[in-house]
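Comments concern the structure below.
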Amino acid sequence: MGCSQSKAVEAAAPPGPPLQSPTGSATKSGRGSPFMVKKVKPSALYHHLLHGLGGSDLPDAVGKIKAQTVPFWNDAQRLCESDAGLVSSYVDPNTKGTPLHVACSLGSARVDSMEVADAAVKCIRAIIDNSPESISLRDNHDHVPLEGLFAAMAATKGRDQDAAVMQSAYAFRMEIAKLLLMKNPSCVLLRGQNLYRIAESLPDDCEQPLGPTAEFVKLLVDKGGASAQPSVRGERRSPGDDDDVLAMLYRRFVRQFDQSERFFEGDNSRPEVIRHREKFKNAAVNTFNIIELLLRQPKANGAALNSPGRVVEDDGDLDYLLVHNAVRSGTCAPDLLRYIVETNLEKVAEKDSRGNLPLHYAAGYGESAGNNGNIAPLASPESYSKYVIDELLYAYPDGAAVENGDGALPITLAIESGKKWIGGGIRSLHEAYPEGIEHANLGDKHPLLHSMSFRTMGEDSVDDTLNELGGNDDEEGTIATGVDGGGGRNRKRKAKRKINKDESHDAIMFVQKSDAPVRDVITTMWANEDDGGVQMLGCSALANAAKKAGDSNEAVASVALLGVTTAVNAMKNHPNEPVVQEKACAALTAMAPADGMREVSFAASGAIATTVCAMQAHVSDATVQREACRALRGIAAKGGADRATTVASVSGFTALVNALGAHPNDVDVQKEACLCMEVLTSYPDAYLPQLDEQTDAYLQAAADKFPAECSEPAKSIRARLNGK
């Protein structure tokens, strides 16, 4: 979202005509007096602002640039007022930028005190008053001034700013965004990639909630319609998008929360430790507040979402129904959705003003048109619907039997939305409430016939499945009639055995497809997390995708954004299956270069602890030990002393020693364990255990038995652990 003017903020300002004094000579004052000029050039204000990056020669502003001083902005305001319409409405012929473009990006990037923020806001207010049309003008990059505000936020992220500087910067951004959005609330679409870049540029906000970043996002939501919800037009994620704003913010939240519980060497009741934890606790709360804000239903310009079977006109109560909003978005990462459901269990059983549970929304969204002809949004593959429905049923199984305000059951909405029997979650709803299918009023050409059509089944198999679910008595509009308690459960179990086989086969076939998008593989894994075969092959697919990225860490990160937590989830769900542990460790190894990029954290995600658990649970399995050693080595190599300390803190060093002892004759295990320990001990600042006699003996044995592979690493490890 950067623009030419925002780039000018970070680069040297282009030379412009010197501002002339009334006598015709260039002013010698550090700030000049352009407002004293009787007749100014149209470009005077534009060039004055571009020179804001120049060093100030004011006695009380040593080391500052002009844009960080009050006189600079006061002079700009007076220059604007000297010939308001002329200089404020100037459009540069080369960049198509305006003074408003430059002022927004310059102030957003350089304001560092409340006094300067106040002066800059007054200047920009004067520009807007004198040239309101500038708010909607687009430069050569098709960007309006508000986007310069956002671009400068991204450019300044990572700078070392104290709390006062951040407060003043966001005070400026709040006021300017409010001014611009009040004049033209639709000047920028605050959705999709635009919204992602804004959220990505937000720093860790350690102020007491609501902190300035959360307040800023709240303004964008209230005044500009910012939302992570899809629009009524059924907008979808581009196939090239590897991430979305909610997933990114949740990774940030998990990282911050992990830091808030960090243990340090020595006394953890020290004031500095307490301050560290409180700081990141505040940051985590602010981040989650932003997630909640972006999940609200957009109201700007009448924008609203579909509800099952109709267009929503008034969703006021949904502002505060977090689970409903998370389900309706269709974009919640699986781990975020699970967190929201598990921390708001009472809300899963709560109805909104239309009588809908979250389950009604999960069931009602799909690929086909609703009764009103609008396309219901579905931003993820069909298996995502199954995952969401299963999560909600696990939290509130009785929800399958609850009618909404129109008397519709979730299974009825699921069938009418065109979902498939297995992958779309209809079977899950049927198992939870078998009698519900009698309420569907199915016709002979109803979408259920499509719902129950598997790619792996022929027509005869479909007929058999229909019969197993209750039979077809040739009466038009009925199916599975007469399903009672006992018989229904018997038939359900019979169908379940058959359908489960087909479902596993379909999912297993999908995750093995070489052209399957990584995001869809991940969704399929979450939707079939109890199936060890899907998890094993899915982890192999993630490893292959990361390896294909080669030396491009950005491409690896594209896989790791959701892949790390997915591999960890596979390991946690199948702790006793060595092959799942092995393939998941291999996937983590391949994704390790992404640690620390785009909020990916191998520590916060549990990847390190879960890998160590795999080593502890499968000590006798040489393959698991080898792959786990490689994973820990890759993570430590990228993450440095902090990751090495984390490995040691979860007994990782002990697990490596045990691997050496359990497999003395396996060259691969000996080599990988030694190489991993060598990386861990290469960081002087890492907090590691002292070398004991057993570890020393194992290292010596490895060096003696496999000198080519282990001699040098063992020598290095022993020297470092001995303090040499």
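The values are calculated or read from the model by the stated rules, or taken from the named source; none is laboratory data. In this text, all values refer to a predicted model and were calculated from it rather than measured experimentally. As a convention, Cβ positions derive from the backbone with ideal geometry for all residues, glycine included, and neighbour counts pool all protein chains shown. Please note that ligands, DNA and RNA were not included when accessible areas were found on the heavy atoms of the full protein model with its side chains. Shrake-Rupley method; radii C 1.70, N 1.55, O 1.52, S 1.80 Å.
Restricting attention to region 504-539, report how many residues are of a type in the set (S, T, N, Q) and part of a helix (DSSP H, G or I).
Qualifying residue count, region 504-539: 4.
What number of residues in region 577-617 are open to solvent by less than 20 Å² (accessible area, probe 1.4 Å), in a helix (DSSP H, G or I) and either in contact with a strand residue (DSSP E or B) (Cβ under 6 Å, 6 or more places away or on another chain) or not hydroxyl-bearing (Ser, Thr, Tyr) (or both)?
Total meeting the criteria: 15.
Can you name the condition, by its number, that Phe264 falls short on among (1) of a type in the set (A, V, I, L, M, F, W, C); (2) outside any loop (DSSP other than H, G, I, E, B); (3) surrounded by fewer than 19 Cβ atoms within 10 Å (Cβ to Cβ)?
(2)
Would you point out the residue of region 267-301, among those that are polar (S, T, N, Q) and assigned to a helix (DSSP H, G or I), that is surrounded by the fewest Cβ atoms within 10 Å (Cβ to Cβ)?
By that ranking, first place goes to Asn301.
Does Gln208 count as under 25 Å from Arg598 (Cβ atoms) and either out of contact with any Gly (no Cβ under 7 Å at 6 or more places or on another chain) or free of Cβ contacts under 8 Å to residues at least 12 places away in the same chain (or both)?
Criteria not met by Gln208.
Evaluate the following for Asp142: is it free of Cβ contacts under 8 Å to residues at least 40 places away in the same chain and surrounded by fewer than 24 Cβ atoms within 10 Å (Cβ to Cβ)?
yes
Can you tell me how many residues in region 196-224 are outside any helix (DSSP H, G or I), of a type in the set (S, T, N, Q) and at pLDDT 95 or above?
0
Residue by residue through region 85-105, note down the ones that are closer than 19 Å to Leu146 by Cβ, of a type in the set (A, V, I, L, M, F, W, C) and crowded, with 19+ Cβ neighbours inside 10 Å.
If the condition is that a residue be closer than 19 Å to Leu146 by Cβ, of a type in the set (A, V, I, L, M, F, W, C) and crowded, with 19+ Cβ neighbours inside 10 Å, then Leu100, Val102, Ala103, Cys104 are the ones that fit.
Going by the conditions given, is Ala592 touching a helix residue (DSSP H, G or I) at 6+ places or on another chain (Cβ under 6 Å), over 29 Å from Asp242 (Cα atoms) and small (Gly, Ala, Ser)?
no
Specify the residue that is modelled with the lowest pLDDT; the eligible residues are those in region 305-320 that are assigned to a loop (DSSP other than H, G, I, E, B) and closer than 18 Å to Asp406 by Cβ.
It comes out as Gly309.
Of (1) part of a helix (DSSP H, G or I); (2) crowded, with 18+ Cβ neighbours inside 10 Å, Gly661 satisfies all except one. Which?
Every listed condition holds for Gly661 apart from (2).
Regarding region 684-694, can at least one residue be identified that is touching a Lys or Arg at 6+ places or on another chain (Cβ under 6 Å) and either part of a helix (DSSP H, G or I) or in contact (Cβ under 8 Å) with a residue 24 or more places away in the chain (or both)?
No - not one qualifying residue is present in region 684-694.
Which residues, counting only those in region 628-647, are touching a Leu at 6+ places or on another chain (Cβ under 8 Å), under 15 Å from Cys674 (Cα atoms) and open to solvent by 10 Å² or more (accessible area, probe 1.4 Å)?
Arg633, Gly634
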